Amino acid sequence: MVKLIMILIFILCGIQLWRGKWLWLIAGYNTASKQEKATLNERALGKAMAEFCLFP
């Protein structure tokens, strides 16, 4: 049961990161300055992190 819940959490996080919604979950993203955030490709970063959640 615990494994199923963890799987669902990772799938949910992966989908939301893929959509570019929950980027605040990525460590260091919230503390980045506006200049640093401007240089980041947020969409690509979210998709890369989603791959780690969805396809381990």
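The values are calculated or read from the model by the stated rules, or taken from the named source; none is laboratory data. Computed from a predicted model, the values in this text were never measured in an experiment. Please note: Cβ atoms are built from the backbone with ideal geometry, for glycine as well, and neighbour counts cover all protein chains shown. Heavy atoms of the whole protein, side chains included, go into the accessibility calculation; ligands, DNA and RNA do not. Shrake-Rupley method; radii C 1.70, N 1.55, O 1.52, S 1.80 Å.
State the percentage of accessible surface on the chain attributable to carbon and sulfur atoms; use a 1.4 Å probe and exclude ligands, DNA and RNA.
Working: 3090 of 4550 Å².
Carbon and sulfur: 68 percent of the exposed surface of the chain.
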Worksheet item: By how many degrees, between 0 and 90 and to the nearest 10, does the Cα long axis of helix 42-54 differ from the longest principal axis of the chain?
Response: 20
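With a 1.4 Å probe and all protein chains left in place, how much accessible area per residue does the chain have, in Å²? Write down the numbers at each step before the final one.
Values: 4550 Å² over 56 residues.
Value returned for the chain: 81 Å² of accessible area per residue.
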Item to complete: Please get the size of the charge dipole for the chain, origin at its Cα centre, with Cβ charges of +1 on Lys and Arg and -1 on Asp and Glu, quoted in debye to the nearest 20.
Response: 120
Response to the item:
Cα-based Rg and Dmax for the chain, in Å, come out at 12.6, 44
